[in-house]
Amino acid sequence: MPELILEKPLAELLPVPSGALVEKQLKTEEMVLNMGPQHPSTHGVLRVELLTDGEVVSKATPYLGYLHRCFEKHAEALDYPMIIPYTDRMDYIASMNNDLAFCLAVEKLMKLEVPRRTEFMRVIVVELNRIASHLVAIGTYGLDIGAFTPLLFTFRDREHILSLLEWLCGARMLYNYIWVGGTSHDFPPKFKERVGEFVRYFKPKADEIYRLLTNNEIFIQRTRGIGVLPADVAINYGCSGPMLRGSGVKWDLRRDDPYSVYPELEFDVVVPTADECVIGDCLARHIVRAKEIYESLKIIEQCLDKMPEVENFDPQAAVPKRVKPPKGDVYGRAENPRGELGFYIISEGNTKPFRVKARSSCFVNLSTLPELAKGQLISDVVAIIGSIDIVLGEIDR
Amino acid sequence: MQTKNPDIKKTKFTLLEKIYLPEILKGLWYTFKQMFAPNFTFRYPDVRWNPIAAFRGRPVLVERDDKAGERCVACGLCARVCPPMAISMQAVETELEQERHPLTFEINMLRCIYCGYCEEVCPEEAIVMSKEYDITYFSRESAIMDKQKLLVPAESVKDRLDFLRKFKNDIRKESDQVANVQP
Ligand code: SF4
Ligand code: SF4
């Protein structure tokens, strides 16, 4: 190998974002490197084909489909209520949110009124699940970058949420709780108090978790300025959720296309500020997630206050005996922890949908990977994938 | 490898934090404290986890109270509603007052997704979700559970039956009555 004569020290040459300078000065033979599908930092079974020039990635192509389970085709053969357990399995970290998105779509199509108490119950469980999901995202992101401790902290607190939800509906991850027109169970006695207790317990812990990574110098060095996604690019790709908000766009379906009881609740849409990170980089996305936990806590507190008490409440009272929407089509969407999850349903007036198309947030967010990874170091690709916070179950469906 | 971003404010450190040693001690003290904090894990499988009544484990068939077979009347609702089509049965007539019962009743546990719909629709409380959660098999054939494997006495799922009565079926009946009274 010919000896390289550099004009400047290597450290100053490498972080050039486009990689153009690097290419010119130290071009080596390009090598194809397969990252995944068993790579621990690809969060499941994602394969990324990296075209590397030394340490620098010149092209990254994600390959999907290892977890494809034919959700959309299955849905055509199933009754509407029977699809709900399958939507659970799309984004298995935040199943409640998936159920809600699907049920909102079907309810919109059937013009179904949901009892007010049910709406609050739904928002509470959805926000609890959002916190759990963000905790996983933060913990595993630390793990990707080399910090093991946050994972233990976040999983400890996620455990509390999972046991709450388990008490509620009997499952720890795949709840099948939110049904078309209602929920499967009412809140058990004392559940509200326990949720309130959890919120009080969790607030100081959330501070702890926030400080643990966001103030960590090594973490900041690994994420600040890496994988910068400008706002216009993010919008053009159709990103949503923390990915879009990390780029500084104030867009949250809970505020901008409100559903359920969100219009009555007060919360902020979190966007990063320029003095803590570069807008749109990995750190910004991480900060958005960490701060959204506080917003969710706020929402839960308000819901607990506002939730009406009903004697002998039957959560399934509004559940139709046969879910049979009229002919037509509908697009229902909800804000998932990872972005906009939408279901486009075409109904022929039967108990089974003619076609269900899921617009999954992770899939769209992941499509920015080639853009983000170009010109970055291989180790930074790990940081970038982690910051997108993908769940392969939702990407492949 | 550091990217330079001049416009980012650095975290301000106090002198005490800059000396660094107190911070290290603080970290060590924190770790030390954790040694005496209560555990939030346990040593499975030495210590068994006992799920609550709401838990949805393996679906089982409930035996009749007089032990003369299963409560199931082979109506087929559960097979109809099961999303992955895990249940299959064959109905025959019987001498008992329930008149029909399943000759064969199989749940393919490789297919079952523990959704709980079968329990939800069953009119006889004949199929309920038990607390069993560590279900393993050595072959695909043994994962298809027949009636013998599914049948359990009602006492062993008492928790769940009580739970269903208290939180689901009784409330449902009451609200049905209310609905019937009001025209
Ligand atoms: S729990 Fe669900 S998947 Fe399993 S047998 Fe019952 S209905 Fe079928
Ligand atoms: S729904 Fe109940 S009674 Fe009917 S076939 Fe299934 S287990 Fe038997």
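The values are calculated or read from the model by the stated rules, or taken from the named source; none is laboratory data. None of these values were measured; they are calculated from a predicted model. Reconstructed Cβ throughout: ideal geometry from the backbone, glycine too, with neighbour counts over all protein chains shown.
Tabulated results
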{"item": "Of all residues in segment B:97-143 being touching a residue at least 60 places away in the same chain (Cβ under 8 Å) and not in a loop (DSSP other than H, G, I, E, B), the one that is surrounded by the fewest Cβ atoms within 10 Å (Cβ to Cβ)", "result": "B:E119"}
{"item": "Candidate set from segment B:53-78 (those that are touching a residue at least 24 places away in the same chain (Cβ under 8 Å) and more than 16 Å from ligand 2 (Cβ to nearest atom)); member that is surrounded by the fewest Cβ atoms within 10 Å (Cβ to Cβ)", "result": "B:K67"}
{"item": "Single condition A:A171 does not satisfy, out of (1) in a helix (DSSP H, G or I); (2) free of Cβ contacts under 8 Å to residues at least 40 places away in the same chain", "result": "(1)"}
{"item": "Within segment B:121-157, tally of residues that are over 22 Å from B:N50 (Cβ atoms), within 14 Å of chain A (Cβ to nearest Cβ) and at pLDDT below 85", "result": "1"}
{"item": "Filter result (within 14 Å of ligand 1 (Cβ to nearest atom) and of a type in the set (D, E, K, R)) within segment B:94-124", "result": "B:E106, B:R111, B:E119, B:E120"}
{"item": "Residue among A:Y92, A:Y141 that is outside any helix (DSSP H, G or I), farther than 30 Å from A:N312 by Cα and under 18 Å from the mean Cα position of the chain (by Cα)", "result": "A:Y92"}
{"item": "Matching residues, segment B:29-75, being within 19 Å of the chain's Cα centre (by Cα), within 16 Å of ligand 1 (Cβ to nearest atom) and assigned to a loop (DSSP other than H, G, I, E, B)", "result": "B:P51, B:A54, B:F55, B:R56, B:G57, B:R58"}
{"item": "Filter result (touching a strand residue (DSSP E or B) at 6+ places or on another chain (Cβ under 9 Å) and either within 11 Å of chain A (Cβ to nearest Cβ) or within 12 Å of ligand 2 (Cβ to nearest atom) (or both)) within segment B:107-118", "result": "B:I107, B:C112, B:Y114, B:G116, B:C118"}
{"item": "Any hit, segment B:42-49, residues being within 12 Å of chain A (Cβ to nearest Cβ) and either away from ligand 2 (no atom under 11 Å from the Cβ) or in contact with a Leu (Cβ under 6 Å, 6 or more places away or on another chain) (or both)", "result": "yes"}
{"item": "Failed item in (1) closer than 20 Å to A:W167 by Cα; (2) over 17 Å from the mean Cα position of the chain (by Cα); (3) within 16 Å of ligand 2 (Cβ to nearest atom), with B:S130 passing the rest", "result": "(2)"}
{"item": "Residue tally, condition in contact with a Ser or Thr (Cβ under 7 Å, 6 or more places away or on another chain) and modelled with pLDDT of 85 or more, over segment A:306-325", "result": "1"}
{"item": "Filtered residue count, segment B:81-102, keeping only those that are within 12 Å of ligand 2 (Cβ to nearest atom), away from chain A (no Cβ under 14 Å) and hydrophobic (A, V, I, L, M, F, W, C)", "result": "2"}
{"item": "Odd one out for A:L104, checked against (1) under 30 Å from A:R156 (Cα atoms); (2) part of a helix (DSSP H, G or I)", "result": "(1)"}
{"item": "Members of segment A:215-246 that are within 14 Å of chain B (Cβ to nearest Cβ) and among the hydroxyl-bearing types (S, T, Y)", "result": "A:T223"}
{"item": "Which listed residue, of A:G339, A:G386, is modelled with pLDDT of 85 or more, among the small types (G, A, S) and on the phi > 0 side of the Ramachandran plot", "result": "A:G339"}
{"item": "Of the criteria (1) away from chain B (no Cβ under 14 Å); (2) touching a residue at least 40 places away in the same chain (Cβ under 8 Å); (3) more than 15 Å from A:I390 (Cβ to Cβ); (4) not in a helix (DSSP H, G or I), which one A:L51 fails", "result": "(2)"}
{"item": "Verdict on A:E197 being within 9 Å of chain B (Cβ to nearest Cβ) and surrounded by fewer than 17 Cβ atoms within 10 Å (Cβ to Cβ)", "result": "no"}
{"item": "Matching residues, segment A:249-292, being touching a Phe, Trp or Tyr at 6+ places or on another chain (Cβ under 7 Å) and either among the small types (G, A, S) or part of a loop (DSSP other than H, G, I, E, B) (or both)", "result": "A:V261, A:A290"}
{"item": "Any chance A:K298 is more than 28 Å from A:I145 (Cα to Cα), of a type in the set (K, R) and part of a loop (DSSP other than H, G, I, E, B)", "result": "no"}
{"item": "Top-ranked residue in segment A:141-188 [being crowded, with 18+ Cβ neighbours inside 10 Å and among the aromatic types (F, W, Y); ranked as nearest to the other protein chains (Cβ to nearest Cβ)]", "result": "A:W167"}
